[in-house]
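*Asks:* Right, I'll just put the structure down here and ask away after.
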Amino acid sequence: MAREPHSGGGGRPNRDRRDNREERDSEFVDKLVHINRVAKVVKGGRRFGFAALVVVGDQKGRVGFGHGKAREVPEAIRKATEAAKRGLIRVPLREGRTLHHDVNGRWGAGKVILRAAPQGTGIIAGGPMRAVFETLGMQDVVAKSLGSSNPYNLVRATFSALKNEDSPRSVAARRNLKVSTLQSRRRDADMSDAAGADS
């Protein structure tokens, strides 16, 4: 009697894991910020390679950046994307669209200022910083670079600033206050500033 071919049920968990990974990867948006051609001088001449800087985010408050090097551009981008996904940070956003407060960031010679903006402002920022905000899901922000325009320094300075961003919840917990108390104080301050501007 001929035996039925084995269906191979053992391969199923691997397929599920792969599907889960693809689903997780699909929620991320990646942007290539910079690609650099590098040369290594060897006995027979020069050997060229490529270095890529990539920013990855889920457009819901998580963002990361990565750097990858390889002999071919697609491989360098793939390595950078994987590195970016390993180093994601979560940034608290006000109303899911802008910063809670103004922050400064610095990395090496790169200096940046990020300012919260009213609704409808859009993303006012230069190339590398714009890529970070778009993948993060920020809709309104005003950013200015004051130092080096090197994309690596700019991206790292922007991340340094975003890490200094505090949410009302974390400030309230630190000061043993209620979030509503903090926010009512902020509204009072905003109203007094507006009254001072009108007069």
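*Asks:* From the protein chains alone at 1.4 Å, what is the descending order of accessible area for PHE48, PHE159, PHE65, largest first? Intermediate values should be presented prior to the final figure.
*Replies:* Numbers: PHE48 85, PHE159 10, PHE65 55 Å².
Descending order: PHE48, PHE65, PHE159.
*Asks:* Read phi for every residue in the range 90-99 and hand back ³J(HN,Hα) as whole Hz from Karplus 6.51 cos²θ - 1.76 cosθ + 1.60, θ = phi - 60°, with x for Gly and Pro.
*Replies:* 9, 10, x, 10, 7, 6, x, 9, 8, 6
*Asks:* Here is a follow-up. Put HIS34, HIS67 in order of accessible area, largest first, 1.4 Å probe: what do you get?
*Replies:* Per-residue accessible area, sorted high to low, gives HIS67, HIS34.
*Asks:* For the range 25-85, what does the accessible surface come to per residue with a 1.4 Å probe? Please give it in Å². Present the calculation step by step, with values, prior to reporting the outcome.
*Replies:* Working: 3630 Å² over 61 residues.
Per-residue value: 59 Å².
*Asks:* Quick one: Kirkwood hydrodynamic radius for the range 74-170, alpha-carbon pairs, angstrom, one decimal? Show your work: numbers first, answer last.
*Replies:* Values: mean 1/r = 0.0727 Å⁻¹.
Every distinct Cα pair counted, the radius reaches 13.8 Å.
*Asks:* For the range 49-128, which whole-number percentage of the solvent-accessible area (1.4 Å probe, protein heavy atoms only) is attributable to carbon and sulfur atoms?
*Replies:* Working: 2090 of 4020 Å².
With neighbouring chains kept in place, the figure for the range 49-128 is 52 percent.
*Asks:* Run down the lysines and flag those whose C-alpha is under 24 Å from the C-alpha of LYS85, throwing out any fewer than 8 positions away in its chain.
*Replies:* LYS31, LYS60, LYS69, LYS163
*Asks:* First check a/c for the range 15-139, with a ≥ b ≥ c the square roots of the eigenvalues of its C-alpha gyration tensor; if it is under 1.5, answer rounded, and if not, answer prolate when a/b is larger than b/c or oblate otherwise. Provide the component values of the computation, followed by the final result.
*Replies:* On the way: a/c = 2.98, a/b = 1.45, b/c = 2.06.
Note, shape of the range 15-139 comes out oblate.
*Asks:* Under 1.5 on a/c is rounded, so check that first for the range 113-169, then, if it is not, pick prolate when a/b is larger than b/c and oblate when it is not; a ≥ b ≥ c are the square roots of the alpha carbon gyration tensor eigenvalues. Mind showing how you got there, number by number?
*Replies:* Values: a/c = 1.81, a/b = 1.30, b/c = 1.39.
Judged from the Cα gyration tensor, the range 113-169 comes out oblate (a/c at least 1.5, b/c at or above a/b).
*Asks:* Can I ask one more? Report, in whole Å, the centroid distance computed from the Cα atoms of the range 120-153 and the range 25-95.
*Replies:* Using only Cα atoms to place each centre, the spacing works out to 17 Å.
*Asks:* Hey, could you get me the Stokes-Einstein D for the range 78-124, Kirkwood radius over alpha-carbon pairs, 37 °C and 0.692 mPa s, rounded to whole µm² s⁻¹? Don't skip to the answer; put the middle values down first.
*Replies:* Details: Rh = 13.1 Å.
After rounding, the answer is 250 µm²/s.
*Asks:* Now for a different question. Give the residue from GLY66, LEU93, ILE77 lying farthest towards the positive end of the charge dipole for the range 55-101; charges sit on Cβ (+1 for Lys and Arg, -1 for Asp and Glu) and the dipole is referred to the Cα centre.
*Replies:* LEU93
The values are calculated or read from the model by the stated rules, or taken from the named source; none is laboratory data. On a predicted model such as this, the values are computed, not experimentally measured, just so you know. Cβ sites come from the backbone with ideal geometry, for glycine too, and all protein chains shown count toward neighbours. Accessible surface is based on the protein model in full, side chains and every heavy atom, while ligands, DNA and RNA are left aside. Shrake-Rupley method; radii C 1.70, N 1.55, O 1.52, S 1.80 Å.
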